[in-house]
Amino acid sequence: MRVVLAEDLALLRDGLIRLLTAFDFEVVESVDNGPALLRALVTHRPDVAVVDVRLPPTFTDEGLLAAIEARGQVPGLPVLVLSQDVQPVYARELLSSPGGGVGYLLKDRVGDVGQFVDSVRRVAAGGSAMDPEVVAELLTRRSRDQPLQALTAREREVLGLMAEGRSNAAIAGRLFITEKAVGKHTNNIFAKLSLPPSADDNRRVLAVLAYLNS
């Protein structure tokens with residue numbers, strides 16, 4: 001699986017390269033600034049991009065903007081964004097770009113190697129990988145809106161786990177309920193949020209997140 005990596009801190013960049021290589025990823029190029037990232041993404045069209053939000057020259061949202069622009073030129077380009085802290089505006093901007101295969105993780109999650117590698121693979125496959133803290137922040141910001149208030153406490157739990165990219169089986173295991181019950185809660189969620197049902201779980205998760213950030 002071919003990866004383009006963007007990280008301005010040399011030690012962390014080298015560590016990520018070693019980690020990804022150890023799990024059979026091929027890092028086709030690693031860069032440390034926004035313009036170089038855009039060029040690398042458009043040139044290599046990797047299976048997935050792992051991108052730090054803050055890159056030179058501005059150290060604000062250079063990495064994110066480069067990734068969004070690249071997704072405009074390469075539709076559906078999978079992007080996993082890494083951030084030092086919870087910045088919901090970054091998640092909204094990423095989710096508003098067309099196509100699946102998106103993720104937003106706090107850098108602390110990289111310390112959990114298994115979770116990080118699973119997130120990279122999930123995003124590369126067209127799924128989503130949202131940090132639980134980001135999901136909680138997005139849900140909290142929408143808690144005053146009527147459509148979300150219509151959800152039961154259990155449905156909100158299911159929605160949060162769906163947003164993290166978990167499968168129905170994983171949600172069932174986490175909440176100690178059956179997969180049939182998860183399916184029922186999911187159908188209720190989409191009905192209350194006026195979202196059409198879909199057999200594509202990844203698209204459903206992205207649709208819910210896009211709605212919550214609209």
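The values are calculated or read from the model by the stated rules, or taken from the named source; none is laboratory data. Computed from a prediction, not measured in an experiment: that's the story for all the values here. With ideal geometry, Cβ positions are generated from the backbone for all residues, glycine too; neighbour counts draw on all protein chains shown. Keep in mind that these areas ignore ligands, DNA and RNA; they rest on the heavy atoms of the full protein, side chains included. Shrake-Rupley method; radii C 1.70, N 1.55, O 1.52, S 1.80 Å.
The alpha-carbon of K192 sits under 13 angstrom from the alpha-carbons of these aspartates and glutamates, leaving out residues fewer than 8 places away in its chain: D145, E155.
As a fraction of the 1.4 Å probe accessible area of region 1-61, surface on carbon and sulfur atoms comes out at 56 percent. The slack in the chain from L19 to R109, taken as 0.36 nm per residue of separation less the alpha-carbon distance, amounts to 31.1 nm. Counting only heavy atoms of the protein chains and using a 1.4 Å probe, E69 has close to 100 Å² of accessible surface. The aspartates and glutamates within cross-link reach of K107, meaning a Cα-to-Cα straight distance under 14 Å and a gap of 8 or more places when in the same chain, are E7, D8, D52, D85, D131, E133.
Report the gain in length on full extension from V74 to A169: 0.36 nm times residue separation, minus Cα-Cα distance, nm rounded to one decimal. The V74-A169 span can extend by a further 31.0 nm.
Taking R0 as 35 Å, what FRET efficiency do you get between L11 and T60 from their Cβ-Cβ distance, rounded to the nearest 0.05? Working shown, then result.
Details: r = 22 Å, r/R0 = 0.62.
Using R0 = 35 Å, I get an efficiency of 0.95.
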